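The values are calculated or read from the model by the stated rules, or taken from the named source; none is laboratory data. These figures come from a predicted structure and were not determined experimentally. Here Cβ is always computed from backbone atoms with ideal geometry, including for glycine, and neighbour counts include all displayed protein chains. Just the protein is used for accessible areas: all its heavy atoms, side chains included, with ligands, DNA and RNA removed. Shrake-Rupley method; radii C 1.70, N 1.55, O 1.52, S 1.80 Å.
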Amino acid sequence: MNKDLRKVVILLAHPNIKESQANKALIDAVNDIEGVAVFNLYDQQGASFDVDEWSKIISDASALIYQFPFHWMAAPSLLKKWQDEVFTFLSKTPAVAGKPLTVVTTTGSEYEAYRSGGRNSFTVDELLRPYQVSAIHSGMSWQTPIVVYGMGTADAGKNIAEGANLYKQRVEMLIGSSNAGN
């Protein structure tokens with residue numbers, strides 16, 4: 001699981017990444033960037049997470065990203081399991097303090113559906129508040145989420161390409177800012 005303990009750790013929580021179009025394209029856009037370590041939580045499905053091993057990984061990282069498809073207004077359940085088993089412990093330690101936390105997610109619906117008065121009634125920012133609160137509570141620096149809307153629309157391909165570009169830029173910025181202090 002070590003992945004050379006690189007600077008930006010991405011926790012990918014997708015139950016079927018091989019069949020994914022959007023999340024697969026997003027992770028492919030950043031996976032080969034030097035300084036990025038991707039951990040697919042679904043590769044470890046069924047097992048408990050090793051808190052000691054994850055403590056080392058997160059302690060050595062300079063930034064953390066949660067990437068997942070937005071299912072029923074939240075992440076797939078394995079990310080919640082990781083939070084319960086690992087992040088609960090880490091949130092009380094210096095391992096995460098001051099580090100950026102970014103959420104990267106995809107939605108089936110278009111941007112307009114996630115507005116007050118829209119089909120889903122709330123913005124994605126409002127629906128991601130639990131992740132923001134956990135970042136703040138643990139002393140992390142909450143970053144503006146990257147949301148790729150409309151995977152179930154005719155604009156999906158264009159939205160994925162734009163999202164992948166934005167994601168790559170964000171990761172490069174996080175790596176650049178972590179190297180600035182070295």
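One table, with the values for the structure above:
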read-out	value
Given (1) free of Cβ contacts under 8 Å to residues at least 24 places away in the same chain; (2) touching a Pro at 6+ places or on another chain (Cβ under 9 Å), number of the condition Glu19 does not satisfy	(2)
Looking only at the range 30-55, and only at residues there that are open to solvent by 30 Å² or more (accessible area, probe 1.4 Å) and among the aliphatic types (A, V, I, L, M), the one that is modelled with the highest pLDDT	Val51
Residue check, Glu110 over 24 Å from Asp60 (Cα atoms) and within 18 Å of the chain's Cα centre (by Cα)	no
So Gly139, is it out of contact with any Cys (no Cβ under 9 Å at 6 or more places or on another chain), surrounded by fewer than 16 Cβ atoms within 10 Å (Cβ to Cβ) and in a loop (DSSP other than H, G, I, E, B)	yes
Residue identified as closer than 30 Å to Ser48 by Cα and modelled with pLDDT under 95 among Pro100, Pro145, Pro94, Pro130	Pro94
